[in-house]
Amino acid sequence: MEKMVAESAQFDVAARVAERFRLVRQRTLALCEPLTPEDMMVQSCPEASPAKWHLAHTAWFFESFVLREFLPGYRLFHQDFPWLFNSYYQSFSEFPEKRLRASFSRPGLEEVLRYREHVDAAMKRLLENDPHPEAVRRSELGANHEEQHQELLLTDVLNAFYTNPLKPAYRQQDCGEQSATGERQSRALRFIEFAGGLREIGHAGDGFCYDNELPRHRVWLEPYALAGRLVTCGEYAEFIADGGYRRPELWLSAGWDAVQANGWRAPLYWSKPDGEDGAWHIFTLRGTRSLAEMACAPVSQVSFFEADAYARWAGCRLPAEGEWEAAAESAPLQGNLLDSGRLMPAPPAGSIGDPHSMQSCYGDCWEWTASAYLGYPGFRPLAGALGEYNGKFMSGQMVLRGGSCVTPAAHIRASYRNFFPPETRWQFSGIRLAR
Ligand SMILES: [Fe+2]
């Protein structure tokens, strides 16, 4: 009887993962619908990859880590794809330099789409035929991996279109115009107080998480306060107008070096198309907007250094990741995520709700924290090549929390740790103040 119950539970898990796999794969293709084959070849900054590469690499993940090991008789779609579409797994195979991904005119888009179909058919066979529990676990990891690439695909397209002189919109401005900008009044910035004390952070429960969210462990938090919303474009413009980018006393040493070396004077997609005396414009997935239109929306595409300098200018600081997670643990898992369809940060909507708890932790922009990305006490990476997924990046990067307007809702949770080098600006990354 016990064995039957266990087998039935395993069947349910496999069926749930099979459905999740199907939906994730569909959505990746749907996100490419507004793109031309030529759009899908552009790699406009060192961090970005062409959309066509994202399509192939996400199929490669399932082929390499699930099908080859767990589907008897699986036939490779192409003998060169296992190394061609490897991203960074050194212990799996060699791989091409990242900067060369824009040179992959071959295989063509049609062949890449056939590669996806080949992998999808094999995955369906595997998941419907009493799969090994490890195959199911890796399939779920693969679905989460593909969701990360959905977000990257959109942030990479945004960069590609920003660098295109025609400044095309991924989605037209009039599509969802009302919901994209929302209310025009900025909500007053208020802080929510937390008592701190001995808390636990890290993933709990049976649901999916990455290895870097474990183990759950105790942290000590002094009493602290977090801003009830993100810093807005209008507020950030005040920082710029106050000489924020010309005052070294506001910046970390490496941050000031980055300002000088890169000529930063505003967030990544801010420009003054009418000359220095003109108004700021902000490029989005819905085309170019004026600062006036975006004034109440959260500022985005700032580096950790800019977030840190802004916080110092405002007389505040950035949250530690433990403070953020302890505050977010009881918050509803909702917000302006990919599923809202807005595709850009939006002013907070609706009522403020309970003034003593965090109501808006998720969506709009990833929130830079003051925490370096390190393994939790007792951290153990996954076995084998998949151990390279997260663990090997635990140096020189900062943690971001909360997801963005292009993060799938099914992908985010309180314990989720994103991470990027502190000078990174091409992601939807913003600022929540702490004190
Ligand atoms: Fe990847």
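All of the numbers you see were taken from the coordinates with simple rules; none came from a lab. These numbers come from a predicted model, not from an experiment. Every residue, glycine as well, gets a Cβ built from its backbone with ideal geometry; the counts of neighbours run over all protein chains shown.
Data table
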quantity: For the stretch 252-329: span of alpha carbons on each principal axis (Å, largest first); calculated: 44, 31, 22
quantity: Whole-number D in µm²/s for the stretch 232-367 (Stokes-Einstein; Kirkwood sum over Cα pairs; 25 °C, 0.890 mPa s); calculated: 150
quantity: Out-of-range pairs (alpha-carbon distance over 28 Å; input 52/167; 272/392; 98/167; 98/392); calculated: 272/392
quantity: 222 nm mean residue ellipticity, helices alone, for the chain (DSSP H n ≥ 4; -39,500 (n - 2.57); rounded to 500); calculated: -10500 deg cm²/dmol
quantity: Rg to Rh, two decimals, where the stretch 302-341 supplies the alpha carbon set and Rh follows Kirkwood; calculated: 1.09
quantity: Cα-based Rg / Dmax (Å) for the chain; calculated: 22.1, 77
quantity: Of every Cα-Cα pair in the stretch 79-130, the percent that sits beyond 17 Å; calculated: 50
quantity: The chain - percent relative contact order, Cα under 8 Å, separation 6 or more; calculated: 18
quantity: Among 13, 299, 113 the positive-end extreme of the charge dipole of the chain (Cβ point charges); calculated: 299
quantity: Ratio Rg/Rh [Cα only; Rh per Kirkwood] for the stretch 29-132; calculated: 0.98
quantity: Förster radius 35 Å - calculated FRET efficiency between residue 26 and residue 103, Cβ distance, rounded to 0.05; calculated: 0.75
quantity: Gyration tensor (Cα) of the stretch 254-295, equivalent ellipsoid semi-axes in angstrom; calculated: 22, 12, 8
quantity: Along each principal axis, Cα extent of the stretch 228-272, largest first, Å; calculated: 29, 26, 17
quantity: Calculated P(r) of the stretch 362-435 - Cα pairs past 22 Å, %; calculated: 26
quantity: For the stretch 10-69, diffusion coefficient by Stokes-Einstein and Kirkwood Rh (Cα), 20 °C, 1.002 mPa s, µm²/s; calculated: 161
quantity: Scattering curve values for the stretch 310-400, log₁₀ I(q)/I(0), Debye with Cα scatterers, q = 0.14, 0.21 Å⁻¹; calculated: -0.72, -1.19
